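Asks: Below is one structure. I have some questions about it.
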Amino acid sequence: MTLFETVFSGNDAVYGLTEGAINAAIEQHGADKAVSFPNTAYCLPCYYAVTGVKVKTLGELKEALGVVKTLMTRELRLNDVFMSGVATALCAEFIEVLKYIDGAEPYTEPCYGHLADAVIRELGVPLVTGDIPGVAVILGSAPTKEEAVALVKSYQAQGILVTLVGGVIDQVAEAGMKTGANLRVIPLGKDVTSVIHVVSVALRAALIFGNVTPGDAANLMKYTFERVPAFVNAFAPLDDVIVACGAGAIALGFPVITNQEGVSTVPKSLILQPDVAKFNATSLEARDIKIKITNIDIPVAFASAFEGEIIRRGDMQVEFDGSRVDCAELVQSAEATEIEDHKITVIGPEADEMELGSKNSIAYVVKVAGKNMQSDFEPVIERKFHNYINCIEGVYHTGQRDMQRIRISKDAFNAGFRLKHIGEVLYASVKNEFDAVVDKCEVVIYTDPAECKRIRHEVAIPTFNKRDDRLKSLTDESVEVYYSCILCQAFSPSHVCVVTPERLGLCGAVSWLDAKATNELDPNGPCQVITKEKCIDERIGEYEDVNEAVRKFSQGALEEVSLYSIMEKPMTSCGCFECICGIEPFSNGVVITNREYAGMTPLGMTFPELASMTGGGVQTPGFMGHGKHFIGSKKFMKAEGGIERIVWMPKELKEFVAERLNNTAKELYGIDNFTDMVGDETIATDPEELVAFLTEKGHPALGLDPMM
Ligand code: SF4
Ligand code: NI
Ligand code: NI
C-alpha cells in the first residue's frame, strides 16, 4: 500500500468506529446529553482549536463528525494525507470524550488520559527556559522492555517530557520504572486514541500562550510547528490507524520516527530508524532540539526530570530537617584569594556515618568570588539550590534558608551517593549558571551539630535579617530602573512582563532582583533595563519610557501599559500566571484564584475558565494574571484602591498570603486581620452569599466606587 492508501484506510476505519460509538451513545443517553473533558475551559480542545466551535452535547458531537467528514478528501495530494491525519485525531478526541460521560473516570493509575489546563500552564516556564527541551510521544511496544526503559530514561535524563501510549506503558511498569507527571513520564492510555491527550496539550498551548484564534487552523499549525518541540516515536508494527494518527502529528509539525521496515518515508517528517537505541538522537535531530548538558561527577543521575520526585519515609536513608534541628543554606561572597575553586569540604559525619532513617543537621555554605559579583545576587543564587538539589535522582529538597529539608533515598545511598556530592552539584550548577558573576566557588558542608548551630545562628540568620531589611527598602520609588522579561515570548510572542521591586513577574519566578541578576549575567538576554524617568500618570503607574520599552519588546503589539491598574492599560499575561484576578461587580471588589484550586469561584468560573479569557499577550481590562507574592504588595491594583478590593480567594491561597496581606492592610488602611473579611470556598462560592458575608464583616470594598 502507498502512504496515501494507508492513511486513508486508517482514517476511514477510525471514522467508522467513531460514528458507531456516537450513535450508540445517543441511543443510550439521548442527543442532549452533555459531553466534556474535566478541568478544561476548551470543551473538546482539539476540535475547538481547529474549528472554533465548542461542542457540549452528544447531538453537537454528531454534527461535528459531519464537519470532520469534510476534511477527509481523497485526492492524492499531500494535503489530503495531512487533513485525513487531522480528521483521525479529531475522531480520536470524540471517542475519548465519550469515555468521560456522566463524570466517569475512565483512566486509572498509572494512566492519566485527559490532562487539565493547569498542567499545560505549569509547563509554560520550564518550556521557555529550556528546562523541558522537548516533548516525546512514544507509541506502541518496544522490541523488548529493556529497550523501552532505556529509551524513556534517555529522554528523562535530558529533561524531555515523555508521554506514553499503548504497550510501552506495561513494558516500563513490568521493568519497575516509576512514572508520573512529577517524573516527567506520563502514561496517557493503552488505546491508540489516547494519544489525542498530548495533541490536546499542544493545541491548548497555542490557545493559552499563543493567542491563536480558535478556528484559525493555519495559524494553529504554524504555532505548533514553530513553538511546540514535540515528536513521535512509533514502534513497529504500525497499523493503518497509527499511520493515520502519525499523519496528523506531521500536519502539526511533529516528526514521526519509527523502526517499521518498509515504511514509505517522508523527508524530515516520517523517518525510518531501524535501531531503537538511536531513536533519541534521530528524534532530537529531526525536531532540532538542543540539550544543555551539565556533567556532574556523581553516582546518580542529575536532570530536571527528577525535580518533582518525592521520597517517602520508608525509602529514605537519612534526612535533614531545619524545622527540628539546626540547618542552613547560604551563599557568601568572598575575596578571590580566600577561595580555593572546586574545593569541597565536609565537616562532621558523612552520610555513611549516620544511622539509617535518622534526622540530622546540615549547613552548607557556598562561597563565591568574582569581579562582577554583588551581594544582591547571593539570594538569587541561593534560591536556585532547591532546584539544583532536587534534580539529583533520589534526593529531595524543600524549603529554604534555615528551614530546608532534605531526604536521601536508600537507592541513591546504595549507588554511592554521599553528602560531598551535594557539594559537587552545588559547585557545578552555580559555576554553570552564574558563570558571568562567579569566577571561583568553594563549598563547605557542615554536619557536626555544634558547627551547624554556630553557622545557623551566628552567620546565616544575621545575613538573612540584613537581606530582609534590604528587600523592605526596595520599593518601586527607591530604585532607578525596572526590568523587562520576555522569556515567555517563546510561547507568547507579544508578551512582556515589566518587573519592579513591588511587582514580580506573573509566573512568580522572576523578582526584581532575579531580573537584575539575569540582566547582569546576560546583558542581551531576556531581561533588559527599563528607565522610569518620564512619568505620565502616577496614579496608574504609567511611564513614557516603560511604554517605549514595551512597544519595542512586543514588536509593536503592545502600545501602553500601566503598572498598577487592572482596568486601565493592564499588563498582559502570557499564560503561566500563578493567579488570576477578576472583577466581582456585586461587591465592587475582585476575586483571586490560583492554578492549584480546581473549584468554582463566585464569578461562576473556575481557574481554567477565567484564565482562558486572558493570556496570549493581550490586554484584557478587568482580568489580570499575577504572581502569588503580588497579593500582599502595596502596589496591587493601587489605582483602583489596592488590596482592600480583594473579596474572595481560595482558602489555601488566603492562608499562604495571610501574613503579608494582613501587614499591608494594617499599614495602608489600619485594618486588623484583613483576611478574616475575605471570603473563600468554605464560606461562599455564590455572589449573593458572598455579599451577605462581606456585609456582615463590614468589608471595605462594599463602600468603594464601582470599578466599571
Ligand atoms: Fe514569563 Fe513574565 Fe515570568 Fe518572564 S517574568 S518568565 S515573561 S511570566
Ligand atoms: Ni530529586
Ligand atoms: Ni509565561
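Asks: Can you tell me which residues in segment 394-411 are closer than 16 Å to residue 300 by Cα, away from ligand 2 (no atom under 13 Å from the Cβ) and in a loop (DSSP other than H, G, I, E, B)?
Replies: Matches in segment 394-411: none.
Asks: Then there is this: Pick out, from segment 199-316, the helices (runs of 4 or more DSSP H) lying fully within it that include 1 or more residues that are surrounded by fewer than 19 Cβ atoms within 10 Å (Cβ to Cβ) and more than 16 Å from ligand 1 (Cβ to nearest atom).
Replies: 217-227, 279-287
Asks: Residues that are modelled with pLDDT under 95, over 17 Å from the mean Cα position of the chain (by Cα) and hydrophobic (A, V, I, L, M, F, W, C): does segment 128-140 have at least one?
Replies: No: zero hits.
Asks: Taking residue 152 as meeting all but one of (1) in contact (Cβ under 8 Å) with a residue 60 or more places away in the chain; (2) farther than 30 Å from residue 597 by Cβ, write down the number of the exception.
Replies: All conditions pass for residue 152, except number (1).
Asks: Can you find even one residue in segment 335-345 that is in a helix (DSSP H, G or I), within 16 Å of ligand 2 (Cβ to nearest atom) and either over 25 Å from residue 301 (Cβ atoms) or out of contact with any helix residue (DSSP H, G or I) (no Cβ under 6 Å at 6 or more places or on another chain) (or both)?
Replies: The answer is no; no qualifying residue exists.
Asks: Out of 212, 162, 228, 168, report the one residue that is outside the structural domain of residue 14 (by TED's automatic domain parsing), over 23 Å from the mean Cα position of the chain (by Cα) and either farther than 15 Å from residue 50 by Cβ or touching a residue at least 60 places away in the same chain (Cβ under 8 Å) (or both).
Replies: Being outside the structural domain of residue 14 (by TED's automatic domain parsing), over 23 Å from the mean Cα position of the chain (by Cα) and either farther than 15 Å from residue 50 by Cβ or touching a residue at least 60 places away in the same chain (Cβ under 8 Å) (or both) holds for just one of 212, 162, 228, 168, which is 168.
Asks: Could you tell me whether residue 132 is of a type in the set (Val, Ile, Thr) and in a loop (DSSP other than H, G, I, E, B)?
Replies: yes
Asks: Restricting the search to segment 603-632, which residues are open to solvent by 10 Å² or more (accessible area, probe 1.4 Å) and closer than 26 Å to residue 659 by Cα?
Replies: Listed by number, the residues that qualify are 603, 606, 623, 628, 629.
Asks: Pairs please, first residue from segment 663-676 and in the same structural domain as residue 651 (by TED's automatic domain parsing), second anywhere and of a type in the set (Asp, Glu) and open to solvent by less than 90 Å² (accessible area, probe 1.4 Å), Cβ atoms under 8 Å, 6+ apart in sequence or on different chains.
Replies: 665/644; 668/644; 669/644; 671/644; 674/644
Asks: In addition: Here is a list of conditions, (1) open to solvent by less than 40 Å² (accessible area, probe 1.4 Å); (2) in contact with a helix residue (DSSP H, G or I) (Cβ under 7 Å, 6 or more places away or on another chain); (3) under 20 Å from residue 566 (Cα atoms); (4) in contact (Cβ under 8 Å) with a residue 60 or more places away in the chain, and residue 640 meets all of them except one; can you say which number that is?
Replies: (2)
Asks: I need the full set of residues from segment 486-510 which are under 13 Å from residue 561 (Cβ atoms), within 13 Å of ligand 3 (Cβ to nearest atom) and either of a type outside the set (A, V, I, L, M) or not assigned by TED's automatic domain parsing to the domain that holds residue 535 (or both), in order please.
Replies: 494, 495, 497 - these are the residues of segment 486-510 that are under 13 Å from residue 561 (Cβ atoms), within 13 Å of ligand 3 (Cβ to nearest atom) and either of a type outside the set (A, V, I, L, M) or not assigned by TED's automatic domain parsing to the domain that holds residue 535 (or both).
Asks: Is one or more of the residues making up segment 439-454 modelled with pLDDT of 95 or more and among the small types (Gly, Ala, Ser)?
Replies: yes
Asks: In segment 511-534, which residue that is in contact with a Phe, Trp or Tyr (Cβ under 6 Å, 6 or more places away or on another chain) and within 16 Å of residue 475 (Cα to Cα) is modelled with the lowest pLDDT?
Replies: Looking at residues that are in contact with a Phe, Trp or Tyr (Cβ under 6 Å, 6 or more places away or on another chain) and within 16 Å of residue 475 (Cα to Cα), I get 515.
Asks: Looking at residue 73, is it more than 27 Å from the chain's Cα centre (by Cα) and of a type in the set (Ser, Thr, Tyr)?
Replies: Yes: the conditions hold for residue 73.
Asks: Here's something else I'd like to know. Return the residue satisfying two criteria in turn: it lies in segment 453-486 and is farther than 30 Å from residue 575 by Cβ and of a type in the set (Asp, Glu), and of such residues it is farthest from the chain's Cα centre (by Cα).
Replies: Here the residue is 458.
Asks: Then there's this: Do you know which residues across segment 592-634 are over 16 Å from residue 38 (Cα atoms), among the small types (Gly, Ala, Ser) and not in a loop (DSSP other than H, G, I, E, B)?
Replies: Matches in segment 592-634: 625, 632.
Asks: With the structure loaded, tell me whether residue 511 is small (Gly, Ala, Ser), touching a helix residue (DSSP H, G or I) at 6+ places or on another chain (Cβ under 9 Å) and within 16 Å of ligand 1 (Cβ to nearest atom) or whether it fails that test.
Replies: yes
Asks: Scanning for something more than 16 Å from ligand 2 (Cβ to nearest atom), in a loop (DSSP other than H, G, I, E, B) and either open to solvent by 10 Å² or more (accessible area, probe 1.4 Å) or out of contact with any helix residue (DSSP H, G or I) (no Cβ under 7 Å at 6 or more places or on another chain) (or both), does segment 547-554 turn up at least one residue?
Replies: Yes; the residues of segment 547-554 include at least one that is more than 16 Å from ligand 2 (Cβ to nearest atom), in a loop (DSSP other than H, G, I, E, B) and either open to solvent by 10 Å² or more (accessible area, probe 1.4 Å) or out of contact with any helix residue (DSSP H, G or I) (no Cβ under 7 Å at 6 or more places or on another chain) (or both).
Conditions (1) within 13 Å of residue 208 (Cβ to Cβ); (2) at pLDDT 95 or above; (3) within 16 Å of ligand 1 (Cβ to nearest atom), marked per residue:
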residue: 562; (1), (2), (3): no, yes, no
residue: 574; (1), (2), (3): yes, no, yes
residue: 602; (1), (2), (3): no, yes, no
residue: 608; (1), (2), (3): yes, no, no
residue: 619; (1), (2), (3): no, no, yes
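Asks: Still on this structure, I have one more. For segment 281-304, what are the residues that are of a type in the set (S, T, N, Q) and more than 22 Å from the chain's Cα centre (by Cα)?
Replies: Matches in segment 281-304: 282, 283, 295.
Asks: Oh, and also: Tally time: how many residues in segment 237-287 are polar (S, T, N, Q) and farther than 20 Å from residue 11 by Cα?
Replies: Count: 5.
Asks: Out of the residues in segment 677-708 that are of a type in the set (Val, Ile, Thr) and free of Cβ contacts under 8 Å to residues at least 40 places away in the same chain, which is surrounded by the most Cβ atoms within 10 Å (Cβ to Cβ)?
Replies: Per the stated criteria, the residue is 678.
Asks: Select from segment 555-591 the residues that are of a type in the set (Gly, Ala, Ser) and not in a strand (DSSP E or B) and list them in ascending order.
Replies: Once the filter is applied, which keeps residues that are of a type in the set (Gly, Ala, Ser) and not in a strand (DSSP E or B), segment 555-591 yields 556, 557, 562, 565, 573, 575, 587.
Asks: Failed condition for residue 391, given (1) open to solvent by 30 Å² or more (accessible area, probe 1.4 Å); (2) modelled with pLDDT under 95, with all others met?
Replies: (1)
Asks: Taking only pairs six or more apart or across chains, which ones have beta-carbon atoms under 8 Å, a first residue in segment 380-405 that is on the phi > 0 side of the Ramachandran plot, and a second residue that is part of a strand (DSSP E or B)?
Replies: Pairs found: 394/408; 394/409; 399/405; 401/328; 401/329.
Asks: Out of the residues in segment 67-80 that are of a type outside the set (D, E, K, R) and under 16 Å from residue 17 (Cβ atoms), which is most open to solvent (accessible area, probe 1.4 Å)?
Replies: 72
The values are calculated or read from the model by the stated rules, or taken from the named source; none is laboratory data. What you are looking at is a predicted structure, and each value in this text was computed from that prediction instead of being measured. Cβ sites come from the backbone with ideal geometry, for glycine too, and all protein chains shown count toward neighbours. Just so you know, the surface numbers come from the protein's heavy atoms only, side chains and all, with ligands and any DNA or RNA stripped out. Shrake-Rupley method; radii C 1.70, N 1.55, O 1.52, S 1.80 Å.
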